[in-house]
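Only one structure is covered here, and it is reproduced in the block below.
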Amino acid sequence: MARSNPVFVCGSCGGETLKWQGQCPLCGDWNSLEQRAAPRAPRPAAGAAVAVALKGAAQAPATGERLGSGHGELDRVLGGGIVGGSVILLGGEPGIGKSTLFLQVAAHVAARREVVYASGEESVAQVQLRAQRLGLTAQHLSLVCETDLPSILALATERSAALLIIDSIQTLQSGAAGAGAGAITQLRECTAELVRHAKSSGCAVVIVGHVTKEGAIAGPRLLEHLVDTVLYFQSEAGSRYRIVRATKNRFGAVNELGFFAMSGTGLKEVKNPAAIFLARAPEPAAGSIVTVTREGGRPLLIELQALVDRMRFGAPRRIAQGLDANRLAMLLAAANRHAGVSLQEHDVFVNVVGGIEIGETAWDVPVLIALASSLADRVVPPSLVAFGEIGLTGEVRPVAYGDERLREAHAQGFKVAIVPRENAPRRDPEGLRVVPVGRISEALEAALGPRGGSSA
């Protein structure tokens, strides 16, 4: 029965209350309640969705069975493939390639299974045109331009779909919610219905969502709690490379990364991410160094760049792209106190090449080496790689998976590795000289020579 009185809906969690309050009683956010008009009565059920497809017999997968996506990088992020009966939420900026990626996935799965691709943003002809441009054909792929969720679910049930792709959740409507498309109540109700369908039928569901200007998926955070997996599609402005990151995954590792390159025929997986992050300048320059970070279940070689410039006016600036700026400030204090590298009268700029964000602490040692390199205008040898955490007392602390990091550096042809003492192997790999260090000063000297970068 439809409500006759207006309600106030929280923009953060989707909770409802009958009167306005300064703070949401459910999630505690302030000034997040907005009045919503009384919902309309549910409209009559729409007719069956009209789909363009080549009919064929196909079996829906058993819940828990994994479907290959056709992209090894995406399967890695998902933990081995798309789990039957799971719900995946994908967010990304407009034009980054969300629809392209999952149209390719749909075509791959539809070679053997029934797939329904429901678009509320493009017509069937437009989706077909894009599929032709990408060179995609599939026998069991049903394309439908529909925003009525019950009609879409009816079609998926009729076809015994193994995979249902919704593009996008902000365009869907369900009569049970009684609000306009994109409203918080609609987003919450439509997502809940899709989750119920996935769990009851064993059909995997992929939900494409818009993102806010802050980069979060638009809508209440409840959406991320309802689904099994949350993926973010990211790219540096102007770059052809794309990164898929899992921030939630009930069937695999969190913060796993997948790498893609956009081409004229769609997204291609990048099997060697070092090709993205190690595209270094022809001539070595001061302030550049390579480190080995670990994202999800894989080690990644990434170039870090630092620039130290004399302060022009006011307070010195500390700008970090892809790194924690607060931790950078802590490292600068430790370097000043324990290694004599004073940057109090300098602006400091640090950047992670390739647009990736590093969430661990293994970048401490290489960042300080890069800063000292820029300050002293000494070039770090291009064949050198470094990793390690730095403590406030100036010690170099070990990091997890040191052996894997060294193997990756060796595989990419690096000759020297500066590592924490506890991460040093008993025997150096052939062709790789490992330099164990225990203090900041030792790391700087190993990379830059005596009094490496010291301003004392």
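The values are calculated or read from the model by the stated rules, or taken from the named source; none is laboratory data. On a predicted model such as this, the values are computed, not experimentally measured, just so you know. Counting neighbours? That spans all protein chains shown, and the Cβs are built from the backbone with ideal geometry, glycine included.
Name the residue that is nearest to V270 (Cα to Cα), counting only residues in segment 86-143 that are in contact with an Asp or Glu (Cβ under 6 Å, 6 or more places away or on another chain) and part of a strand (DSSP E or B). Of everything passing the filter in segment 86-143, V87 is nearest to V270 (Cα to Cα).
Exactly one residue out of G449, G391, G438, G431 is surrounded by fewer than 17 Cβ atoms within 10 Å (Cβ to Cβ), without any contact (Cβ under 8 Å) to a residue 60 or more places away in the chain, on the phi > 0 side of the Ramachandran plot and small (G, A, S): that is G431.
Run down V416, V385 and say which single residue is β-branched (V, I, T) and surrounded by fewer than 18 Cβ atoms within 10 Å (Cβ to Cβ). Sole residue among the options that is β-branched (V, I, T) and surrounded by fewer than 18 Cβ atoms within 10 Å (Cβ to Cβ): V416.
Residues in segment 280-296 that are among the small types (G, A, S) and either under 14 Å from G322 (Cβ atoms) or in contact with a Gly (Cβ under 9 Å, 6 or more places away or on another chain) (or both): G296 only.
Among the residues making up segment 256-272, those that are surrounded by 16 or more Cβ atoms within 10 Å (Cβ to Cβ) and in contact with a Lys or Arg (Cβ under 8 Å, 6 or more places away or on another chain) are E256, L257, G258, F259, F260, M262, L267.
Scan R298, R312 and give me the residue that is closer than 26 Å to S86 by Cα, at pLDDT below 90 and either of a type in the set (D, E, K, R) or touching a helix residue (DSSP H, G or I) at 6+ places or on another chain (Cβ under 8 Å) (or both).
Values: R312 fails: closer than 26 Å to S86 by Cα.
That would be R298, the only listed residue that is closer than 26 Å to S86 by Cα, at pLDDT below 90 and either of a type in the set (D, E, K, R) or touching a helix residue (DSSP H, G or I) at 6+ places or on another chain (Cβ under 8 Å) (or both).
Does D403 satisfy being surrounded by 24 or more Cβ atoms within 10 Å (Cβ to Cβ), without any contact (Cβ under 8 Å) to a residue 40 or more places away in the chain and assigned by TED's automatic domain parsing to the domain that holds P282? Answer is no for this residue. Would you confirm, using the coordinates I've provided, whether D347 is buried (at least 16 other Cβ atoms within 10 Å of the Cβ) and over 30 Å from G72 (Cα atoms)? Yes; evaluated as a whole, the condition is true for this residue. Taking the residues in segment 241-255 that are out of contact with any Phe, Trp or Tyr (no Cβ under 8 Å at 6 or more places or on another chain) and among the basic types (K, R) as candidates, determine which candidate is surrounded by the most Cβ atoms within 10 Å (Cβ to Cβ). Taking the candidates together, the pick is K248. Suppose the filter is under 23 Å from E224 (Cβ atoms) and without any contact (Cβ under 8 Å) to a residue 24 or more places away in the chain; does G120 pass it? It is false that G120 is under 23 Å from E224 (Cβ atoms) and without any contact (Cβ under 8 Å) to a residue 24 or more places away in the chain. Filtering segment 345-378 to residues that are touching a residue at least 60 places away in the same chain (Cβ under 8 Å) and either assigned to a loop (DSSP other than H, G, I, E, B) or touching a Cys at 6+ places or on another chain (Cβ under 9 Å) (or both) leaves V353, G354, G355, I356, I358, G359, E360, A362, W363, D377, R378. Screening A154 on (1) surrounded by fewer than 24 Cβ atoms within 10 Å (Cβ to Cβ); (2) in a loop (DSSP other than H, G, I, E, B) shows it passes everything except condition (2). For S201, the stated conditions do not hold, so it cannot be described as in contact with an Asp or Glu (Cβ under 7 Å, 6 or more places away or on another chain) and of a type outside the set (F, W, Y).
Quick one: what pairs do we get from segment 130-159, first residue at positive phi, second surrounded by fewer than 21 Cβ atoms within 10 Å (Cβ to Cβ) and of a type outside the set (A, V, I, L, M), C-beta under 7 Å, 6+ apart or different chains? Pairs that qualify, where the first residue is at positive phi and the partner is surrounded by fewer than 21 Cβ atoms within 10 Å (Cβ to Cβ) and of a type outside the set (A, V, I, L, M), are G135/T265.
Conditions tested, residue by residue: (1) of a type in the set (A, V, I, L, M); (2) buried (at least 19 other Cβ atoms within 10 Å of the Cβ); (3) farther than 23 Å from G402 by Cβ.
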position: A325; (1), (2), (3): yes, no, yes
position: M330; (1), (2), (3): yes, no, no
position: A334; (1), (2), (3): yes, yes, no
position: G340; (1), (2), (3): no, no, yes
position: I356; (1), (2), (3): yes, yes, no
position: P366; (1), (2), (3): no, yes, no
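Checking the stated criteria, A306 turns out to be on the phi < 0 side of the Ramachandran plot, of a type in the set (A, V, I, L, M), at pLDDT 85 or above and in the same structural domain as Q344 (by TED's automatic domain parsing).
Within segment 157-188, the set of residues being under 21 Å from E93 (Cα atoms) and assigned to a loop (DSSP other than H, G, I, E, B) comprises S168, L172, A181, G182, A183.
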